[in-house]
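Report on the structure given below.
The values are calculated or read from the model by the stated rules, or taken from the named source; none is laboratory data. Since the structure is predicted, the reported quantities are computational estimates derived from the model, not experimental observations. As a convention, Cβ positions derive from the backbone with ideal geometry for all residues, glycine included, and neighbour counts pool all protein chains shown.
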Amino acid sequence: MRLLEVRDLRTSFFTDAGEVKAVNGISFNLDESKVLGIVGESGSGKSVTAYSIMQILASTGRIVGGSIKFRGQELVGAGEEVLKHIRGNRISIIFQDPMTSLNPTYTIGHQLMEAILLHTDRNRKQAWERAVELIKLVNINEPEKRMKQYPHELSGGMRQRIVIAMALACEPDILIADEPTTALDVTIQAGILDLMSSLQRELGMAIIMITHDLGVVAQMCDEVIVMYAGSICEQGTADEIFYNPRHEYTKGLLRSIPTVENENEKLRPITGTPIDLLNMPEGCPFAPRCDAAMKICIKCRPRRRIINDFHMATCFVNDRDGIGFPEQESGEVNGDG
């Protein structure tokens with residue numbers, strides 16, 4: 001069943017220097033129990049997409065166009081009362097840094113119970129019991145002791161697990177995980193990802209995994225969106241993205257990560273720097289950094305092309321090589337986004 005429909009979403013930040021088009025016309029769907037990965041460099045629009053869905057943009061940010069529907073209900077322009085019911089209850093988010101996500105002046109128990117009391121009809125005793133249950137759920141020992149501790153008394157991995165527990169307090173339909181393993185060491189990262197995978201299977205929720213780590217995507221995601229300069233440059237199943245990449249940016253990302261096949265070779269980073277969103281080029285945003293760029297790439301925006309029923313890319317190289325065909329007006333791949 002379709003949970004989330006995003007159509008032609010456009011989010012801008014209005015600064016003294018001008019309008020920053022952080023998200024520039026993206027569309028995708030999310031179905032029940034699916035895991036969608038959104039990948040790209042810093043500044044590509046991944047987090048802003050998440051904040052737009054949650055309607056928690058900074059004061060300078062505004063959704064200037066498009067539609068976000070949760071179970072058919074339009075969220076863009078919805079009143080605060082509607083959004084209060086959605087946020088934390090039906091759609092939850094895990095922010096990048098658990099230390100700044102937790103209030104250092106309140107105990108873990110207080111912060112866990114706050115969400116439970118706000119969104120459910122439980123009393124304080126029942127909320128305490130539910131909070132202890134959540135701490136056990138995310139595999140933290142001595143839950144009653146943790147309830148009385150403050151964030152600085154926990155390790156980074158434990159804080160991240162507490163943030164996950166907070167996001168799961170009301171058993172949301174969608175969990176948005178914004179770089180959930182940032183600043184954690186490799187062993188702790190693996191544990192957090194395993195935890196999220198097991199919880200997703202156990203609770204049946206859908207997940208939007210926002211990351212720049214393609215290893216995370218390969219491990220967890222059913223479908224993948226690759227973003228660059230606020231736009232979707234490639235979209236498809238995880239297998240299609242990893243084994244049949246059709247955008248030069250995606251190919252560059254894959255070349256820049258170590259694998260068994262290239263362990264004796266030098267990694268090939270993507271040259272140049274991300275595009276300035278205040279001065280977007282006339283043509284393909286990735287063209288200045290692309291080794292395969294042609295004259296048309298500098299002058300024109302590439303069209304979206306359907307590679308197959310489960311794969312879409314916006315790259316003139318596909319036109320040149322005769323791969324795929326122009327996308328339908330609906331902007332969907334096989335109707336599944």
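Here are the numbers:
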read-out	value
Residue in segment 89-101 that is closer than 25 Å to E153 by Cα, buried (at least 17 other Cβ atoms within 10 Å of the Cβ) and out of contact with any strand residue (DSSP E or B) (no Cβ under 7 Å at 6 or more places or on another chain) present	yes
Condition broken by N139, with the remaining ones in (1) assigned to a loop (DSSP other than H, G, I, E, B); (2) under 17 Å from the mean Cα position of the chain (by Cα) satisfied	(2)
When residues of segment 65-90 are limited to those that are of a type outside the set (A, V, I, L, M), touching a residue at least 40 places away in the same chain (Cβ under 8 Å) and not in a loop (DSSP other than H, G, I, E, B), the one nearest to F13 (Cα to Cα)	G65
Leading residue by the ranking (farthest from the chain's Cα centre (by Cα)) among those in segment 212-230 that are in a loop (DSSP other than H, G, I, E, B) and at pLDDT 90 or above	A229
Number of positions in segment 189-218 that are crowded, with 17+ Cβ neighbours inside 10 Å, under 18 Å from T259 (Cβ atoms) and touching a helix residue (DSSP H, G or I) at 6+ places or on another chain (Cβ under 7 Å)	4
Tally of residues being closer than 16 Å to V217 by Cα, within 17 Å of the chain's Cα centre (by Cα) and of a type in the set (A, V, I, L, M, F, W, C) across segment 153-201	6
Flag for N29 being more than 23 Å from P274 (Cα to Cα) and touching a Cys at 6+ places or on another chain (Cβ under 8 Å)	no
The lone exception for S33 - which of (1) of a type outside the set (A, V, I, L, M, F, W, C); (2) touching a Gly at 6+ places or on another chain (Cβ under 6 Å); (3) farther than 22 Å from Q200 by Cβ it fails	(3)
Residue within segment 38-55 that is farther than 19 Å from T211 by Cα and not acidic (D, E) present	yes
Pairs where the first residue, in segment 166-178, is farther than 14 Å from L36 by Cα and modelled with pLDDT of 90 or more and the second is basic (K, R) and surrounded by fewer than 24 Cβ atoms within 10 Å (Cβ to Cβ), C-beta under 8 Å, 6+ apart	P172/R90
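For every residue, the table says whether it meets (1) within 30 Å of E5 (Cα to Cα); (2) in a helix (DSSP H, G or I); (3) in contact (Cβ under 8 Å) with a residue 60 or more places away in the chain; (4) among the hydrophobic types (A, V, I, L, M, F, W, C).
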residue: S92; (1), (2), (3), (4): yes, no, yes, no
residue: Q111; (1), (2), (3), (4): no, yes, no, no
residue: A115; (1), (2), (3), (4): yes, yes, no, yes
residue: L118; (1), (2), (3), (4): yes, yes, no, yes
residue: H152; (1), (2), (3), (4): no, yes, no, no
residue: I162; (1), (2), (3), (4): yes, yes, yes, yes
